[in-house]
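The values are calculated or read from the model by the stated rules, or taken from the named source; none is laboratory data. This structure is a prediction, so every number in the text was calculated from the model and none was measured. Cβ: placed from backbone, ideal geometry, glycine included. Neighbour counts: every protein chain shown. Quick note on the areas: whole protein, heavy atoms, side chains included, nothing else; ligands and nucleic acids left out. Shrake-Rupley method; radii C 1.70, N 1.55, O 1.52, S 1.80 Å.
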Amino acid sequence: NLDAAVTVGRQDEVGQLAMAFNAMTAKLKSNTVLRQRFLAGIAHELRTPLTILKANLEGISDGVITPDVEQMSSLTEEVDRLTKLVGELRDLSLLEAGQLQPEFALLDLTQLLRQIVGKIKLLASEKRISLRIETDDRVSVIWADGDMVNQMVYNLVLNAIKYTPDGGQITIAATTKNGMIEIAVTDTGIGIAVEDVEHVFDYFYRVDPARTKASGGTGLGLALVKQMALAHGGQVKVKSKIDKGSTFTVLLPADLHQKRTVSP
Ligand code: ADP
């Protein structure tokens with residue numbers, strides 16, 4: 001019974017035990033709610049592309065729809081969307097279970113950021129968005145999983161482009177502060193309201209579902225960024241102001257090379 005709670009009437013060990021019990025029950029309850037929401041989210045995300053695919057396949061087999069190139073490519077897009085969703089869910093569950101561990105290696109962060117900008121600049125230029133990199137000399141080489149850092153920054157920059165109107169600006173900055181490497185992606189975009197900002201790293205959370213679905217997002221991008229940062233022993237932060245823009249920051253421990261373990 002997750003509604004169980006013990007009255008705390010004493011300050012001694014029994015009282016502390018009662019408080020610990022109540023805290024654990026509350027946590028279990030919130031985990032159950034999260035789990036239910038997560039499953040409902042998956043079901044919802046799977047249903048839309050499946051419904052579209054089924055309707056089109058039925059139309060084709062009934063002869064109501066004659067498939068042309070455009071139609072086939074839009075169906076392929078739905079399949080791609082499903083594939084992406086399943087891949088992201090798999091990575092998230094492995095990360096959460098601790099079964100997908102970062103493969104630490106020396107990584108030239110400045111070079112990686114340049115590669116990302118290289119890949120994404122065409123997309124940005126379509127919206128006349130300027131992309132800038134600001135790196136601190138001290139962070140050029142870090143000890144981290146290159147694929148994960150690449151995916152984290154890529155997801156953040158893609159979001160920044162998605163949620164920034166034409167003519168905006170995006171800055172990717174890397175610095176070290178308090179023993180952490182900070183990679184911050186700042187945009188001059190639409191921003192996020194105070195009541196939404198604490199939820200953006202949740203699975204399937206979208207501030208404006210219609211808008212973000214149309215842009216092909218799965219609603220898992222930021223959840224992945226968070227889990228990958230946690231897997232590195234780091235964390236994520238966000239600061240945002242509506243109509244002004246957002247800064248998403250990934251923090252990674254800067255002394256990771258000292259924690260290197262030698263395999264037997
Ligand atoms: P999605 O696939 O929907 O983009 P994400 O997990 O990447 O999923 O992001 C979750 C939600 O956070 C988005 O739907 C959007 O509402 C909000 N969001 C993410 N990045 C930004 C940003 N740079 N500016 C404004 N809103 C953002």
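Only Cα pairs under 8 Å and 6+ residues apart enter the sum, and on that basis the relative contact order of the chain stands at 16 percent. In the chain the Cα-Cα distances spread across 10 Å bins starting at 0 as 6, 23, 28, 23, 13, 5, 1, 0 percent of all pairs.
Using a Gaussian network model of the chain in which every pair of alpha carbons under 10 angstrom is joined by a spring, one finds that among D68, D147, D91 the greatest mean-square fluctuation is at D68. If you take the charge dipole of the range 82-123 about its Cα centre, with +1 on Lys and Arg Cβ and -1 on Asp and Glu Cβ, which of L123, L82, L107 is farthest toward its positive end? With unit charges placed on the Cβ atoms, the residue in question is L123. Rounded to whole Å, the principal axis extents of the Cα atoms in the range 29-103 read 49, 34, 14, largest first. Considering only E126, E103, E13, the mean-square fluctuation computed in a Gaussian network model of the chain, springs between alpha carbons under 10 angstrom, is largest for E13. Listed by chain and number, the lysines whose alpha-carbon sits under 30 Å from that of K54, ignoring those within fewer than 8 places in the same chain, are K84, K162, K213. Each of D255, D137, D166 has its accessible area taken with a 1.4 Å probe; listed largest first, they run D137, D166, D255. Under 5 Å between amide hydrogens, which residues at least 5 positions from I65 or on another chain qualify, with H placed 1.01 Å from N in the peptide plane? Here I60 satisfy the definition. For the range 105-224, the Cα-based Rg and Dmax, in that order, read 14.7, 42 Å.
Per residue, the chain exposes 60 Å² of accessible surface when a 1.4 Å probe is rolled over the protein heavy atoms with every protein chain present. Element breakdown for the chain at a 1.4 angstrom probe: carbon and sulfur atoms account for 56% of the accessible area.
Taking every full run of DSSP H in the chain, the ones that stretch at least 18 Å from end to end by Cα along their long axis and average 0.0 or higher on the Kyte-Doolittle scale are 13-61, 109-126, 146-162. Once all protein chains are placed together, D62 keeps about 120 Å² accessible to a 1.4 angstrom probe.
Backbone amide hydrogens, once placed in the peptide plane, bring T135 within less than 5 Å of A174, excluding anything fewer than 5 places away on its chain. Would you mind classifying the range 62-113 by shape? Square roots of the alpha carbon gyration tensor eigenvalues, ordered a ≥ b ≥ c; an a/c under 1.5 is rounded, otherwise it is prolate if a/b is larger than b/c and oblate if not. Verdict is oblate for the range 62-113. The GNM of the chain, with springs linking C-alpha atoms under 10 angstrom apart, assigns the highest mean-square fluctuation among G179, G146, G217 to G179. As an equivalent ellipsoid, the range 103-151 spans semi-axes of 24, 13, 6 angstrom, where each value is the square root of five times an eigenvalue of the C-alpha gyration tensor, largest first.
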